[in-house]
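Working notes, structure below.
The values are calculated or read from the model by the stated rules, or taken from the named source; none is laboratory data. What you are looking at is a predicted structure, and each value in this text was computed from that prediction instead of being measured. Cβ sites come from the backbone with ideal geometry, for glycine too, and all protein chains shown count toward neighbours. Side chains are part of the model used for accessible areas, which takes the heavy atoms of the whole protein and leaves out ligands, DNA and RNA. Shrake-Rupley method; radii C 1.70, N 1.55, O 1.52, S 1.80 Å.
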Amino acid sequence: MEAEPQSIFYDGRTSRRHSVTINVGDKLEIVEHGVTLASWEWHDIRRLEMRGESLRLTAITAPDLARLDISDTLLKQRIASLCPVLERASRPTRSAQLRTVALVMLMLISVAGLLWFGIPYVAARVAPAIPIAWEKRLGDVADAQIGKIFPGKTCGSRAGTAALNTLMERLTEKSDLPYAPTITVIRSNVPNAFALPGGKIYLLEGLLARANSPDEIAGVLAHELGHLRHRDHLRRLVANGGTAYVVGLFFGDVAGAGALLFATRELLGAAYSRETESNADHVAAEIMAQLHRSPVPMGELLLRIEKSDDGGAIGLLRDHPLSVSRLTELKKLDTGNHAPPLLTNEEWAALKTICG
Amino acid sequence: MTIAAATDFGSPPATPRDSPVEFAGDRRAFRQLVVRGAFAELLTLGFYRFWLATATRRVLWSSTAVDGEPFEYHGTARELFLGLVFAVAILAPFYLLNFLLGVEAERQKTFASLPLVLAFVLFRQFAIYRARRYRLHRTSWRGIRFGMTGSGWKYAAIAAMRGGLNGLTLGAALPWSQAALERYKMNHTTFGELEGRFEGTGGELFKRGWWLWALMFFAPLAFLLLTATGTKNGFAAASILLITVVGAPFWYATFKAIEWKWWLEGLRIGGMSVSSNLSPRALIGTYWKVAGFLILIFVVAIIVAIAGTYGMTLAGFSMPKAGSKGSIPLPFLVVWGATYLLALLGFGVVFRIYLLRRVWQIVSDSATVHHVEQADDVAARPGSASALGEGFADSLDLFGF
């Protein structure tokens with residue numbers, strides 16, 4: 001037993017600052033005015049990080065916040081030499097660090113898996129369960145936005161509208177949709193067509209201008225009916241919403257997630273839509289086959305537009321400028337033309353000039 | 001042991017003692033910590049933020065001492081991370097509801113989503129309260145933990161009501177609102193068995209800062225009047241605009257300094273109180289530095305983005321023609337995204353160095369704790385708090401309410 005200069009001890013039960021002496025023996029004894037406040041086994045003692053010169057100790061058997069601060073240099077060295085595992089608590093061990101890194105990597109991988117497989121899977125199952133009435137509501141919202149983008153620019157000569165309705169009726173009959181979609185032609189040079197959730201199909205004048213036959217337009221419209229049948233909008237919406245939620249919340253740090261979200265959407269969106277486009281093409285081929293017409297002209301139209309626009313700048317193609325492979329696929333599904341064209345020459349001429 | 005305690009240095013009550021709050025932080029080490037942290041955040045796609053927040057707190061807490069004894073922070077990154085995971089799971093249905101109501105509101109062009117926005121405002125206040133609770137429970141001094149009781153929902157209700165009042169009075173009620181919120185927080189704050197209080201009053205804060213409120217209220221009014229009355233007053237109008245907008249760091253820093261001093265002087269824990277010699281000008285330099293760095297980062301980011309876009313064009317990638325509906329090629333998105341992320345990380349570093357550490361240091365150094373002898377013999381009280389509140393706060397921050 002030897003008396004050392006005063007050290008400071010907090011017992012973790014009260015905030016009292018005990019000025020203590022340390023007895024170095026079988027155990028480390030903390031003594032105040034001859035009374036032993038605590039005695040710690042050497043292998044229970046851990047060092048804690050502390051600013052300044054003092055050595056701050058605690059013991060794993062002591063109350064959580066018990067602290068012993070030693071400032072005497074000799075005593076510090078003495079204690080350090082007697083404690084076999086002094087550093088264990090103050091720093092995470094290498095294996096603990098590795099475990100943490102592994103945990104984070106695992107988390108990243110599982111989030112990536114969730115984004116890549118999980119969310120599209122869930123979306124494909126959730127979308128069909130959403131009532132049509134809800135889908136129509138979403139469509140109304142989107143429709144209001146279309147109205148803003150193309151204000152007052154719909155076309156409709158009487159003969160052209162009649163021809164278009166004839167075409168749509170024939171296609172819809174075979175489309176297996178639980179509701180009747182509507183079709184509107186918009187005055188715009190962009191060669192495009194799109195469907196809104198709930199069954200509003202828009203055909204842009206630019207596409208009509210570049211089409212050479214009714215079958216080309218029929219194929220495109222049948223393709224849009226395919227999107228409606230598969231409820232691709234809802235799937236995409238559910239998938240995007242889920243992606244935004246997962247990415248946004250997990251990766252955090254305020255707007256940093258915004259950029260990440262954008263990138264993820266672009267990457268996942270492309271892969272996802274390649275599949276949905278191909279599915280819609282299959283529906284188009286199926287509908288055309290039931291009408292005994294070939295789906296190939298649609299593929300030719302898309303390819304023609306893609307070539308003239310040097311690289312898929314239109315909605316139908318934009319996610320995958322791979323019209324050649326789509327055309328090949330459509331040719332495989334082709335059952336040939338065994339019926340007269342879907343529109344007469346007069347009707348086709350009227351449709352081509354629907355915008356006057 | 002109790003006998004020994006009773007015979008300890010002299011007999012209680014001890015003589016009154018004051019102690020300055022001492023901050024002994026290493027500026028360079030902190031800068032290194034946050035810069036490295038920012039890169040780690042980039043590499044881990046943001047996951048590192050839990051570790052960075054914890055490391056930052058540990059440094060700040062342990063650098064700050066009262067009566068020669070530093071504070072200790074006991075929180076862990078793992079707690080924060082799990083808190084977020086639970087928050088994400090719990091919040092998911094709310095976000096779904098939010099989305100559905102949003103669609104409905106858009107369709108009907110009504111304010112159908114307003115109640116939901118209000119619910120999120122409430123929830124955010126709840127999260128703020130619970131996050132404070134978590135941090136206090138993970139803070140100790142002299143081997144005793146701080147703690148916090150009270151109800152997060154009650155606090156949220158008070159905060160929402162007060163926020164409404166602030167809006168209705170165009171900010172005039174702010175001092176009283178701040179006082180009410182601080183009262184609720186401090187009345188439920190404990191250090192061991194000592195109870196906290198808040199004795200700052202709204203009137204006192206108003207007395208110190210009313211001129212700032214008047215400036216922010218009347219300057220835009222004067223500007224509008226001057227510009228409305230004609231072009232003659234162009235110079236006067238422009239100078240008012242200059243004073244309020246360009247001078248914003250001045251006014252905000254002054255307001256924050258006044259508020260900090262008022263807050264410190266209102267704190268009570270047991271018989272302890274705090275005084276502060278913080279000058280209203282004390283934070284102006286710091287806020288100007290923040291403004292300067294933010295502008296610098298912004299400008300650099302724009303230059304980098306432009307240069308990167310040009311570089312990509314040279315490398316053979318081209319942007320879709322104007323007017324066509326094409327999508328932007330991925331390389332451009334990558335360049336812009338990377339610039340954006342780096343700029344954000346830069347903002348984060350500036351924020352942590354100046355608004356966190358520097359303000360912390362200035363405010364701490366200004367403070368003196370009186371009757372610190374009252375903390376000489378305080379018993380601990382049991383209790384703990386989860387990091388869920390902080391998880392909520394973290395997840396909500398993202399949506400920038």
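Remark: for residue pairs B:185/B:256; A:148/A:174; A:307/A:352; B:185/B:289; B:154/B:289; A:331/A:352, the C-alpha separation exceeds 28 Å in A:148/A:174; B:185/B:289; B:154/B:289. If R0 is 45 Å, the Cβ-Cβ spacing of residue B:97 and residue A:150 corresponds to a FRET efficiency of close to 0.90.
At a probe radius of 1.4 angstrom, the accessible area of the stretch B:41-80 per residue rounds to 34 square angstrom. With all protein chains present, how much of the accessible area of the stretch A:111-217 (probe radius 1.4 Å) comes from carbon and sulfur, to the nearest whole percent? Carbon and sulfur together cover 58 percent of it. Dipole size of the stretch B:45-86 about its Cα centre, with +1 on Lys/Arg Cβ and -1 on Asp/Glu Cβ: approximately 300 debye, rounded to the nearest 20. Screening chain A for DSSP H helices whose Cα atoms reach 30 Å or more along their own axis and whose mean Kyte hydropathy is at least -0.5 gives A:256-290.
Between the listed residues A:65, A:81, A:39, the Cα displaced farthest toward the positive end of the dipole of the stretch A:1-85, a dipole computed from Cβ unit charges relative to the Cα centre, is found at A:65. A Förster radius of 41 Å combined with the Cβ-Cβ distance from residue A:41 to residue A:122 puts the calculated FRET efficiency at roughly 0.15. Each label was represented as a point 7 Å from its Cα along the Cα-to-Cβ direction; for residue A:212 and residue B:172 these points are 7.7 nm apart. For the peptides B:358-364, B:79-85, B:20-26, the ranking by mean Cβ contacts within 10 Å, running from highest to lowest, is B:79-85, B:358-364, B:20-26.
In the assembled protein chains, residue A:304 presents an accessible area of approximately 90 Å² (probe radius 1.4 Å). Counting, for every residue in A:50-60, the Cβ atoms of other protein chains within 10 Å of its Cβ and taking the mean gives 2. Distance between the pseudo-spin-label points of residue A:33 and residue B:356 (7 Å out from Cα toward the beta carbon): 4.5 nm. Backbone amide hydrogens, once placed in the peptide plane, bring residue B:145 within less than 5 Å of B:192, B:381, excluding anything fewer than 5 places away on its chain.
Using the Karplus equation 6.51 cos²θ - 1.76 cosθ + 1.60 (θ = phi - 60°), what ³J(HN,Hα) coupling, rounded to whole Hz, does each residue of the stretch B:208-219 give in order, writing x for Gly and Pro? Whole-Hz 3J(HN,Hα) from phi for the stretch B:208-219: 7, x, 4, 5, 5, 4, 4, 4, 5, 8, 8, 4.
Counted residue by residue at 0.36 nm each, then reduced by the alpha carbon distance between them, the extension gain from residue B:299 to residue B:225 reaches 23.3 nm. Here the 3J(HN,Hα) profile of the stretch B:193-205, calculated from phi with Karplus coefficients 6.51, -1.76 and 1.60 at θ = phi - 60°, is 8, 6, 9, x, 8, 10, 10, x, 10, x, x, 5, 5 Hz, Gly and Pro shown as x. Simple spin-label estimate for residue B:315 and residue B:370 gives 6.5 nm between the two label positions (7 Å along the Cα-to-Cβ direction from each Cα). Chains A and B together bury roughly 5300 Å² of accessible surface, counting both sides and using a 1.4 Å probe on protein heavy atoms. For the peptide B:137-143, the mean number of other protein chain Cβ atoms found within 10 angstrom of a residue's Cβ is 5.
If you plug the beta carbon distance of residue A:85 and residue B:82 into 1/(1 + (r/R0)^6) with R0 = 35 Å, you get a FRET efficiency near 0.80.
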